Amino acid sequence: TVEEAFVDNRPFSAQDLPAHRPTAFEGEMPDPAQLLLCAMALCNDTRLTGSGEVQGEPTEAALVRLAKAKGFPLEARDARFPRLGEIPFDSERKLMTTLHPWTGGRVISFTKGAVEDVLERSVAQAGKKGDGKPDTPVLLDQSSRIAGKGLRTLAFAFRIWEQCPDSLTSDGVETDLTLIGIIGMMDPPRPEAREAVGLCRSAGIRPVMITGDHPLTATVIAKRIGILDEGETGVITGRDLE
């Protein structure tokens, strides 16, 4: 479940995130909170059943359920914003991008992924005044704050195109992005995980957890399930490992 968001330079609980406005896409560019709902609904591989149930991978389903709860018109998603192209997620990039029709005959691409990777590719921040550039230290602090609660973090960004790019490559599409915001998701450990870890340790086996989550999120979860004891460190990033 999505627990909170940092968008438009402010933290929101999931409950307090502004609802979708039917007129949001009638102007030149929606405000950041409206863009975030749109990105969660569109940069997503879930499907709706005939009864309106959301089917798909749990992380993506949680994003769509929040967009739906906030009034985003999921039933008209594919008709209003059909997918024109995509760059699927992979563990090297830690990103996923989809492209859709936008106002004025243009095209919009939405990118979601690991906060640090999205920030590296962003040159602007939605809703930020002044030079408009991403306030990277603040955004990284917010990501760490959210991750420190044991929440998984995801960032969303967009880019406007005059027409759909001919070549859908990461280097060509997932660059010069405008950051929309960051969300935090609760992905609690299964109840049996702590028992399984305890059995391993009692048998002399040292459990190791490998995850794509933020190091602070990983630390909190590792302590909850008994891989790390209180006061212990032992988290290493993939880049450090390489």
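What the table shows:
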{"item": "Residues of region 57-79 classified as open to solvent by 50 Å² or more (accessible area, probe 1.4 Å) and not in a helix (DSSP H, G or I), total", "result": "2"}
{"item": "Residues within region 80-101 that are of a type outside the set (A, V, I, L, M) and part of a loop (DSSP other than H, G, I, E, B), tallied", "result": "7"}
{"item": "Total residues in region 182-204, condition over 30 Å from Thr111 (Cβ atoms) and either part of a helix (DSSP H, G or I) or aliphatic (A, V, I, L, M) (or both)", "result": "13"}
{"item": "Criterion violated by Asp16 - all others in (1) under 22 Å from Thr178 (Cβ atoms); (2) at pLDDT 95 or above; (3) in a loop (DSSP other than H, G, I, E, B) satisfied", "result": "(1)"}
{"item": "One residue from Pro188, Pro165, Pro137 being at pLDDT 90 or above and over 30 Å from Pro101 (Cβ atoms)", "result": "Pro137"}
{"item": "Residues of region 129-161 satisfying the condition of being part of a loop (DSSP other than H, G, I, E, B) and touching a helix residue (DSSP H, G or I) at 6+ places or on another chain (Cβ under 9 Å)", "result": "Pro134, Gly148, Lys149, Gly150, Leu151"}
{"item": "Test for Ser109: is it modelled with pLDDT of 95 or more and either within 15 Å of the chain's Cα centre (by Cα) or closer than 20 Å to Val64 by Cα (or both)", "result": "yes"}
{"item": "Subset tally (residues that are among the aliphatic types (A, V, I, L, M) and either in contact (Cβ under 8 Å) with a residue 60 or more places away in the chain or in contact with a strand residue (DSSP E or B) (Cβ under 6 Å, 6 or more places away or on another chain) (or both)) for region 174-228", "result": "10"}
{"item": "Test for Glu174: is it of a type in the set (D, E, K, R) and open to solvent by less than 10 Å² (accessible area, probe 1.4 Å)", "result": "yes"}
{"item": "Candidates Val220, Val208, filtered to the one that is over 22 Å from Ala62 (Cβ atoms) and either surrounded by 13 or more Cβ atoms within 10 Å (Cβ to Cβ) or modelled with pLDDT of 90 or more (or both)", "result": "Val208"}
{"item": "Conditions (1) in contact with a strand residue (DSSP E or B) (Cβ under 6 Å, 6 or more places away or on another chain); (2) free of Cβ contacts under 8 Å to residues at least 24 places away in the same chain; number of the one not met by Asp90", "result": "(1)"}
{"item": "Tally, over region 162-173, of residues that are over 13 Å from Arg121 (Cβ atoms), free of Cβ contacts under 8 Å to residues at least 24 places away in the same chain and either within 21 Å of the chain's Cα centre (by Cα) or in a helix (DSSP H, G or I) (or both)", "result": "0"}
{"item": "Members of region 141-161 found to be open to solvent by 10 Å² or more (accessible area, probe 1.4 Å) and either under 14 Å from the mean Cα position of the chain (by Cα) or among the polar types (S, T, N, Q) (or both), listed by number", "result": "Gln142, Ser144, Arg152, Thr153, Leu154, Phe158"}
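For every residue, the table says whether it meets (1) surrounded by fewer than 17 Cβ atoms within 10 Å (Cβ to Cβ); (2) under 23 Å from Ala147 (Cα atoms).
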residue: Phe81; (1), (2): no, no
residue: Gly85; (1), (2): yes, no
residue: Arg93; (1), (2): no, yes
residue: Gly104; (1), (2): yes, no
residue: Thr111; (1), (2): no, yes
residue: Val118; (1), (2): no, yes
residue: Ser122; (1), (2): no, yes
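Table: residues versus (1) modelled with pLDDT under 95; (2) within 15 Å of the chain's Cα centre (by Cα); (3) farther than 15 Å from Met185 by Cβ; (4) of a type in the set (Val, Ile, Thr).
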position: Ser51; (1), (2), (3), (4): yes, no, yes, no
position: Gly71; (1), (2), (3), (4): yes, no, yes, no
position: Ala76; (1), (2), (3), (4): yes, no, yes, no
position: Arg80; (1), (2), (3), (4): yes, no, yes, no
position: Leu84; (1), (2), (3), (4): no, no, yes, no
position: Phe89; (1), (2), (3), (4): yes, yes, yes, no
position: Glu92; (1), (2), (3), (4): yes, no, yes, no
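The values are calculated or read from the model by the stated rules, or taken from the named source; none is laboratory data. Since the structure is predicted, the reported quantities are computational estimates derived from the model, not experimental observations. Neighbour counts run over all protein chains shown; Cβ positions are idealised from the backbone, glycine included. Each accessible area value is taken on the protein alone, full model and side chains, heavy atoms only, with ligands, DNA and RNA left out. Shrake-Rupley method; radii C 1.70, N 1.55, O 1.52, S 1.80 Å.
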